[in-house]
Each structure stands twice: as structure tokens, then as C-alpha cells.
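The values are calculated or read from the model by the stated rules, or taken from the named source; none is laboratory data. Bear in mind the structure is a predicted one, so any value in this text is a computation, not a measurement. No Cβ is skipped: glycine too gets one built from the backbone with ideal geometry, and neighbour counts run over all protein chains shown. These area figures cover heavy atoms from the full protein model, side chains too; ligands, DNA and RNA do not enter into them. Shrake-Rupley method; radii C 1.70, N 1.55, O 1.52, S 1.80 Å.
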Amino acid sequence: VDEDLRKEKLTSLWNRFKIYIISIVLILIVSVSVYQYLEISEYNEKVSTIESYYKASNNGSIDQMLGKLEIIKTSNEFSKNLIDLKMADIHILKGDIERGSEKLEQIFTSKNKSILGDLALYKYLMLKIDEITLKEVNNLIENFNSKDNNFNYLFSELVGIKNIIDGQYSDGRTIFESLLNDVSVSNEIKIRAEKYISIIN
């Protein structure tokens, strides 16, 4: 009798809640399936974009490379910035500094803050160092540098160079001496810092 009562209760519970249970299971299955599909789609898109990027970058003339890069479509921000960075390099190589600078600016002002943004900003500042003011240089570095990689030292070096260009030798020397005394700064930057200090002296 007890066994029959238990079965009856279980059957009653199942009949009351089976729709909800089945719905929850279906939602879980669909959610996992959609997630996996999106993961696979995103992965496939990245692979396809990288393949197209390398094919475009290593075949044909400069103009052909530029044309092939321009037609690559991707929704991934990092991949887009990588393509734009290559296009900027090509424009600069062709002597079109203005177009190259515009591409670099698009990258470091994009929402996606990555090492590509810092690289684009560094290249941009190197191109524009004679045109923009020291205040503009500092503002750009402050606003867009991600502060979590070795570009910090390169940016410091660049500010030191700008100080020298503007005749602010004392400020430039202070920056380069700071780089020399920082144990985490690479030897390459320290060697350049020594040269700049010798030039100032």
C-alpha cells in the first residue's frame, strides 16, 4: 500500500510539473547549443580572417595588398585593428602619411583597448612628433595608453625626445635618467637613453 501511495504521489508530481521540467531541460539544451554554435562561428571567423590577412599581406604589389586588405570583412575588433594597422603601414610606405595617420588614429581611438592600440598610438606619435605639441603628446598617452605593458617605457622615451626637440633639455634629461635607473627597462631603451643624455650634454 505504501509503495502504491508513493508511486501515486510521484506520478501526481510528475503530471503537475512535467511541462516545467521539460521546458527547463529544453532551454538548457538550446542555450548550450546556441553558445557552442556562436563559439564555433566566432572561432571560424577569426581563422578565416587571419588566413585572408596573411594571403593579402604576402602576395602581389603594395596596391594589390591594400586592395585585398580593404575587402576583408570581420566583426572582431582585434582582427579589424590588425588589418587597419597593416593598411596604415602600407599607406605610410607609399608616402601617404596623412592616410596612414588617419588609420592609426582610428585604431588607438577605438573602443577595444589592446596592445594594437598602444602600437598604433606610438607609430602615430612618431609620425607627428614634429607637428604636435608636448601637451598633445602627453594628453594622447594619458588617454589611450593601457598602462599594462612595456609601451609605457617607449612612451616615456618619446616624451623625452619631444622635450629635446622643443629645447626642454633639463626635462628630457630627467626622463632619460629615470629610464636608465629603472631595472625593468630593457637594455635597448637604456642604450638609447644614454645616447640621448650624451647628446644633451
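Can you pull out every residue in the stretch 165-201 that is under 30 Å from the mean Cα position of the chain (by Cα) and of a type in the set (A, V, I, L, M)?
Across the stretch 165-201, the qualifying residues are Ile165, Ile175, Leu179, Leu180, Val183, Val185, Ile189, Ile191, Ala193.
From (1) at positive phi; (2) assigned to a helix (DSSP H, G or I), pick out the condition that doesn't hold for Ile107.
Answer for Ile107: the failing condition is (1).
Here are the criteria: (1) modelled with pLDDT under 80; (2) under 15 Å from Ile107 (Cα atoms); (3) open to solvent by 50 Å² or more (accessible area, probe 1.4 Å). Tell me which single one Gly60 does not satisfy.
Result: Gly60 passes all but (2).
Scanning for something part of a helix (DSSP H, G or I), under 30 Å from Lys86 (Cβ atoms) and open to solvent by 20 Å² or more (accessible area, probe 1.4 Å), does the stretch 166-181 turn up at least one residue?
No - not one qualifying residue is present in the stretch 166-181.
Does the stretch 95-115 include one or more residues that are over 19 Å from the mean Cα position of the chain (by Cα), in contact (Cβ under 8 Å) with a residue 12 or more places away in the chain and either closer than 22 Å to Leu154 by Cα or open to solvent by 30 Å² or more (accessible area, probe 1.4 Å) (or both)?
Within the stretch 95-115, one or more residues are over 19 Å from the mean Cα position of the chain (by Cα), in contact (Cβ under 8 Å) with a residue 12 or more places away in the chain and either closer than 22 Å to Leu154 by Cα or open to solvent by 30 Å² or more (accessible area, probe 1.4 Å) (or both).
Restrict the check to the stretch 128-142 and report whether at least one residue is surrounded by fewer than 19 Cβ atoms within 10 Å (Cβ to Cβ), modelled with pLDDT under 90 and over 24 Å from Gly100 (Cα atoms).
Checked the stretch 128-142: no residue is surrounded by fewer than 19 Cβ atoms within 10 Å (Cβ to Cβ), modelled with pLDDT under 90 and over 24 Å from Gly100 (Cα atoms).
Check the stretch 38-52 and report whether any residue there is of a type in the set (Gly, Ala, Ser), open to solvent by 60 Å² or more (accessible area, probe 1.4 Å) and touching a residue at least 12 places away in the same chain (Cβ under 8 Å).
No, every residue in the stretch 38-52 fails to be of a type in the set (Gly, Ala, Ser), open to solvent by 60 Å² or more (accessible area, probe 1.4 Å) and touching a residue at least 12 places away in the same chain (Cβ under 8 Å).
Which residues, taken from the stretch 191-201, are surrounded by fewer than 16 Cβ atoms within 10 Å (Cβ to Cβ) and either among the charged types (D, E, K, R) or in contact with a helix residue (DSSP H, G or I) (Cβ under 9 Å, 6 or more places away or on another chain) (or both)?
Scanning the stretch 191-201 gives Glu194, Lys195, Ile199, Ile200, Asn201.
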